[in-house]
Amino acid sequence: MTDIINLKTNTYYIEVTGSGIPEIDGLFVPSVAPPVKSESGTKSSLGYWNGRMAWDRADGKAARSPSLSYSNSYKSWRISRLDGHLAYDMTCDDELPPTDREWHVYKMGVAPAPKIILHFFDPRKPCPEPNVVFILGGPGSGKGTMCELAEIQLGWVHLSAGDLLREERKKGGEVADSIEDFITGGKLVPREIIVNLLKSAMEYTTRTTGKNNFLVDGFPRSVNNLEGWLEASGPDAKLPKMLYFECPYDVLEKRVMGRAKFTGRSDDNLESIKLRFDTFKAETLPTVELFKSKNQCVEVDASQERQDVYSVFKKGLSEHTDKSLLEDPFTEKAEMLLGLRPYPKK
Ligand code: UP5
Ligand code: MG
């Protein structure tokens, strides 16, 4: 039997969308059902049912409380309708309602099954402030490599502005076509597009994972970009810290052309690299200068060996890094990124 005394408070919120039943779609909050004996004999406590977290509808209208809970008898998570009849279930042993699989449509449910989003915070309240560090440097200076390492080893979340744009481009449509033209021409996309992508990725990540340390890689690429960011962040926003990867052009070109064989990026060719570098000098360097003048910029000599770059980079992030992760041994992927282990042959 679960030791109900030692259970962690249920602070998760669940959003259900797309069920096709208005009374099911909506927000579910930690259950306030009083302690009872469940059908399988397990005593439940506030926020819990059958020893697992449980939720009530936020509008309090459901006949069954909790209305989203786990059944030990059926070994499944279950979502009920207002009248208490079950609409969706998922047979599994997961500690929390699964968000990555299709739910089963039960007797009173309607297809398609809904999407379940687990929030770490009450989505009706503003999202906690993130810790943001901007990473800038020329094309191929190693921004992505170092950010990936910090994600794997130090628990930071890596948001590459370029990758977000490339993902958006894949979705197709008018915006996608215009993104393609900007990227291949080495030019900067309009700031609204990238600021929105970054802000919503950050909010979604914090709400759904609780993670709050973000490396924003390849942004702000111009003073205009920075103005867009500050505008979207509100009047009290502080200027984030910047780590600037300094690297001479010949090294950048060599690295990007080395990478070109594997990535197939439409801008990894000699002509695009030159255009990207010109844009970098004209638009991005003045932004770096601005951060330097405000004492918010740490310079990293990115032409060094990967391990040396990483050790300076790690120091630059120490203020917000979870100390318990600092001494962890390198994972296999980290060793590959650091050039200490070959990538597996395809
Ligand atoms: N490598 C890495 N570190 C190394 C080291 N120390 N020693 C030896 N080799 C090292 O690294 C490049 C290569 O070098 C890799 O093979 C790596 O193994 C090796 P990588 O980490 O990929 O470098 P990175 O700096 O991330 O290079 P990237 O090409 O991604 O930088 P860009 O800044 O050019 O590209 P990004 O994806 O950020 O942007 C692409 C385009 O999107 C821009 O040109 C622009 O059109 C558009 N964009 C906007 O318009 N607005 C934005 O805000 C952002 C992007
Ligand atoms: Mg990159």
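Please treat every number below as a calculation from the coordinates, not as lab data. Please read these numbers as outputs of a predicted model, since none were measured by experiment. All Cβ positions, even for glycine, are placed from backbone atoms using ideal geometry, and neighbour counts span all protein chains on display.
Calculate one ³J(HN,Hα) per residue across the range 63-80 by plugging θ = phi - 60° into the Karplus curve 6.51 cos²θ - 1.76 cosθ + 1.60, and present them in order as whole Hz with x for glycine and proline.
6, 9, 9, x, 9, 10, 7, 9, 9, 5, 5, 8, 6, 8, 7, 9, 10, 9
Along the Cα-to-Cβ line of E167, 7 Å from the Cα, sits a label point; which residues in the range 92-107 have backbone N less than 20 Å from it?
Under 20 Å, as judged by backbone N against the label point of E167, lie 99-102 of the range 92-107.
Taking the highest mean first, how do the peptides 57-69, 178-190 order by number of other beta carbon atoms within 10 angstrom per residue?
57-69, 178-190
Using only Cα atoms, tell me the angle between helix 306-316 and the longest principal axis of the chain; keep it within 0 to 90° and round to the nearest 10.
Result, in degrees: 60.
Please give the helix 270-279 orientation as an angle from the longest Cα principal axis of the chain, in degrees from 0 to 90, rounded to the nearest 10.
90 degrees
Do you know the relative contact order of the chain, to the nearest whole percent, from alpha carbon pairs under 8 angstrom that are 6+ apart?
The normalised contact order for the chain reaches 15 percent.
Once amide H atoms are placed 1.01 Å from N in the peptide plane, what residues at a sequence separation of 5 or more from A87, or on another chain, have their amide H within under 5 Å of its amide H?
When sequence neighbours closer than 5 places are left aside, the close amide H contacts are I79, S80, R81.
Beyond a 29 Å Cα-Cα separation, which of these cross-linked pairs lie in this structure: K211/K315; K281/K333; K61/K115; K254/K346; K171/K254?
Numbers: K211/K315 20 Å; K281/K333 32 Å; K61/K115 21 Å; K254/K346 23 Å; K171/K254 31 Å.
Over 29 Å apart, Cα to Cα: K281/K333; K171/K254.
Find the relative contact order for the range 131-337 and round it to a whole percent, using C-alpha pairs within less than 8 Å whose residues are 6+ positions apart.
Worked out over the range 131-337, it gives 35 percent.
Please determine, in degrees from 0 to 90 and to the nearest 10, the orientation of helix 174-184 with respect to the longest principal axis defined by the Cα atoms of the chain, where the helix direction is its Cα long axis.
Result, in degrees: 30.
When the Cα centres of the range 1-79 and the range 103-139 are compared, how far apart do they sit, in Å?
The range 1-79 and the range 103-139 have Cα centres separated by 19 Å.
Below 8 Å, C-alpha to C-alpha, sequence gap of six or more: please give me the relative contact order for the range 102-197 in percent.
12 percent
Could you pull out every one of the aspartates and glutamates with an alpha carbon less than 12 Å from that of K274, ignoring same-chain neighbours closer than 8 positions?
D250, E253
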